[in-house]
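A.B. asks: Below is a structure I'd like to ask you about.
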Amino acid sequence: MTETVFCSHLSRGAGEQIFGTAGNGTDVWFVLEYPGVWGAKAMEESKLDDELKAHLQRGVAGTPGSRLQLIKRGEQRNGSLSFFICLSGEDEAALYRFGLVDFSDLLAMELPAMVAEMRADPERYATNRHDEPLFLVCTNGSRDRCCATFGVPVYLSMAAYAGERVWQTTHTGGHRFAPTMICLPHGLFYGRVGVEDVTSIVDSYAAGNVYELDRFRGRSCYQQAVQAADYYLRAETQLQALDAFTLLDAEQEEDVWACRFSSNGDGLVHELFVQMHESEFANPLSCRKPDTERVPQFRLLSYAVRGAVPA
């Protein structure tokens, strides 16, 4: 890799599919405001003390399907720091904000127990409900230069339009799709986002819709093969509404997944068979790692509409 060649340009030039590349089966997010300098491994290299790092790592390890993101804005801010817990399951999208006087406040939070309580009794943390969405744009150039070079302009443009709903964030996975971003609470991943896409992404999300499919990496609560099936289903039906479909089941046999969705308007069952195959091209997955790799790609084998789900 040279200074003039970026992994994101190679990915785009190879025609690499963008769908099926979101966080794999993530339905809980711990999102911590950390205004310090980010290293390539942002949490590990942060100046948080070892006890707090270990506490957060235990919280993630003890919460299936969870991940931790650090966020910040361009300027130093006064007042409390923000810590968000987000549920991104298909039927449980919700955000909760906790103000921190100091990072040590996190030590009193038993994260797995809190998530379980939020699911069992959503009113338990009603005063912490955060009704505004979060738009997290990856700008972590220490992890990959594509994210800073191409992510920062998108962040600045989106922040100018959507204000405090927009944050810079650490590694989201898939530098080669930079600029990348996540919309919470639903866990929607987008990539190859341009400044020209900013207002439409914000407005589409506010309207309860998925933005353009050629930018849509997938929904994090789904496994990646299901994300690919969701993409093909939306391409076939031209339905953009986030709540247009509900996943019924997904079964794998070797390299083929059978995915069934019900459409929430009429209850019809949509059955898709999606096959994973290895790409013909081999590219670096990161600007920091020049070795080339082949990557999974998905093809639609068949799509059919069945009868409605029995009542």
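The values are calculated or read from the model by the stated rules, or taken from the named source; none is laboratory data. What you see is a predicted model; the values in this text were computed from it and never measured. Neighbour counts are summed over all protein chains in view; Cβ atoms, including those assigned to glycine, are modelled from backbone coordinates with ideal geometry.
A.B. asks: Taking the options Leu239, Leu248, Leu272, name whichever one is touching a residue at least 24 places away in the same chain (Cβ under 8 Å) and assigned to a loop (DSSP other than H, G, I, E, B).
C.D. replies: Numbers: Leu248 fails: assigned to a loop (DSSP other than H, G, I, E, B); Leu272 fails: assigned to a loop (DSSP other than H, G, I, E, B).
Unique residue meeting the criteria: Leu239.
A.B. asks: Determine, yes or no, whether Leu285 is of a type outside the set (S, T, N, Q), at pLDDT below 95 and either surrounded by fewer than 17 Cβ atoms within 10 Å (Cβ to Cβ) or within 20 Å of Arg217 (Cα to Cα) (or both).
C.D. replies: Working: of a type outside the set (S, T, N, Q): yes; at pLDDT below 95: yes; either surrounded by fewer than 17 Cβ atoms within 10 Å (Cβ to Cβ) or within 20 Å of Arg217 (Cα to Cα) (or both): yes.
Here the answer is yes, as Leu285 does meet what is asked.
A.B. asks: Oh, and also: Kindly indicate which of Gln69, Gln17 is within 27 Å of Leu156 (Cα to Cα), touching a Phe, Trp or Tyr at 6+ places or on another chain (Cβ under 7 Å) and either of a type in the set (Gly, Ala, Ser) or part of a loop (DSSP other than H, G, I, E, B) (or both).
C.D. replies: That would be Gln17, the only listed residue that is within 27 Å of Leu156 (Cα to Cα), touching a Phe, Trp or Tyr at 6+ places or on another chain (Cβ under 7 Å) and either of a type in the set (Gly, Ala, Ser) or part of a loop (DSSP other than H, G, I, E, B) (or both).
A.B. asks: State which residue is nearest to Gln240 (Cα to Cα) when the search covers only region 199-208 and only residues that are exposed (fewer than 15 other Cβ atoms within 10 Å of the Cβ) and out of contact with any helix residue (DSSP H, G or I) (no Cβ under 8 Å at 6 or more places or on another chain).
C.D. replies: Kept after step one, since they are exposed (fewer than 15 other Cβ atoms within 10 Å of the Cβ), are these residues of region 199-208: 199-200, 203, 206-208.
Pick out the ones that are also out of contact with any helix residue (DSSP H, G or I) (no Cβ under 8 Å at 6 or more places or on another chain) and you get 200, 203, 206-208.
Values: Ser200: 13, Asp203: 13, Ala206: 13, Ala207: 10, Gly208: 8 Å.
It comes out as Gly208.
A.B. asks: Further question on the same structure: So for region 219-232 (the condition being part of a strand (DSSP E or B) and in contact (Cβ under 8 Å) with a residue 60 or more places away in the chain), does at least one residue qualify?
C.D. replies: yes
A.B. asks: When the residues of region 30-47 are filtered to those that are hydrophobic (A, V, I, L, M, F, W, C) and in contact with a strand residue (DSSP E or B) (Cβ under 7 Å, 6 or more places away or on another chain), which remaining residue is surrounded by the most Cβ atoms within 10 Å (Cβ to Cβ)?
C.D. replies: So, considering only residues that are hydrophobic (A, V, I, L, M, F, W, C) and in contact with a strand residue (DSSP E or B) (Cβ under 7 Å, 6 or more places away or on another chain), the one surrounded by the most Cβ atoms within 10 Å (Cβ to Cβ) is Leu32.
A.B. asks: Can you tell me which residue is nearest to the chain's Cα centre (by Cα) among those in region 197-217 that are among the hydrophobic types (A, V, I, L, M, F, W, C) and over 13 Å from Thr180 (Cβ atoms)?
C.D. replies: Looking at residues that are among the hydrophobic types (A, V, I, L, M, F, W, C) and over 13 Å from Thr180 (Cβ atoms), I get Val210.
A.B. asks: Applying the selection to region 121-154, what residues are part of a helix (DSSP H, G or I) and either touching a residue at least 60 places away in the same chain (Cβ under 8 Å) or farther than 30 Å from Val5 by Cβ (or both)?
C.D. replies: Pro122, Glu123, Arg124, Tyr125, Ala126, Thr127, Asn128, Arg145, Cys146, Thr149, Phe150
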